[in-house]
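*Asks:* Dumping the structure here so I can ask a few things about it.
The values are calculated or read from the model by the stated rules, or taken from the named source; none is laboratory data. Bear in mind the structure is a predicted one, so any value in this text is a computation, not a measurement. Here the Cβ positions follow ideal geometry from the backbone for every residue, glycine too, while neighbour counts run over all protein chains shown. Ligands, DNA and RNA are excluded from the accessible area calculation, which covers all protein heavy atoms including side chains. Shrake-Rupley method; radii C 1.70, N 1.55, O 1.52, S 1.80 Å.
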Amino acid sequence: MNYAYASRTGNVESIVDNLGLDATRINDGSETMNGDFILFTYTDGYGDVPEEVLNFLLGNSQYLKGVIVSGDTGYGEAYCQAGDKIAEDYDVEVLYRVENAGTQEDLNAIQAILEKQ
Ligand SMILES: Cc1cc2nc3c(=O)[nH]c(=O)nc-3n(C[C@H](O)[C@H](O)[C@H](O)COP(=O)(O)O)c2cc1C
């Protein structure tokens, strides 16, 4: 499995790093994947998919196998909604919702999920 991630303030990047994943960083969304991948993203605006992730998915969604999404519960109903939007638009599952950079428990849970993919 391949991995791609978007991170603006470093939380998602630290998750990916702590999991030891060799993942493609999404900068402007022009990056290309060559096979199946799981996406790690943050949530922007009010429940929005980050712009660079929208761009990235336009070119790579055929390989998208699932999404792991970071958010902040302070956003209430919009918590991690970027993941729900991507799941709906591309017919994939939200594999995990994580608050900010997550806890060790979150990392363990994500690790277990990735091993099953
Ligand atoms: C401007 C802004 C808007 C955000 N909007 C939401 C939101 O609607 N829902 C949510 O769950 N989290 C929201 N967040 C929280 C981030 O998604 C969360 O902190 C995430 O871990 C950031 O990841 P990053 O550090 O990798 O960029 C927002 C953060 C910022 C700065």
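*Asks:* When only Cα pairs under 8 Å and 6 or more residues apart are kept, what is the percent relative contact order across the chain?
*Replies:* 25
*Asks:* Next question. Where Lys and Arg each count +1 and Asp and Glu each count -1, what net charge lies around TYR3 among other residues with Cβ under 15 Å from its Cβ?
*Replies:* Result for the local shell: -3.
*Asks:* What residues have an amide H closer than 5 Å to that of THR24, excluding those fewer than 5 places away on the same chain, when H is modeled at 1.01 Å from N in the peptide plane?
*Replies:* TYR3, ALA4, TYR5
*Asks:* Solvent-accessible area per residue for region 2-115 at a 1.4 Å probe radius, Å²?
*Replies:* Heavy-atom SASA per residue in region 2-115 reads 50 Å².
*Asks:* Using a 1.4 Å probe on the protein heavy atoms, what percent of the accessible area of the chain belongs to carbon and sulfur?
*Replies:* Summing carbon and sulfur atoms, their accessible area is 40 percent of the total for the chain.
*Asks:* Please report the antiparallel percentage of DSSP beta bridges with both residues in region 2-115, rounded to the nearest 5. Walk me through the numbers on the way to the answer.
*Replies:* Values: 1 of 18 bridges.
Taking every DSSP beta bridge within region 2-115, about 5 percent pair in antiparallel fashion.
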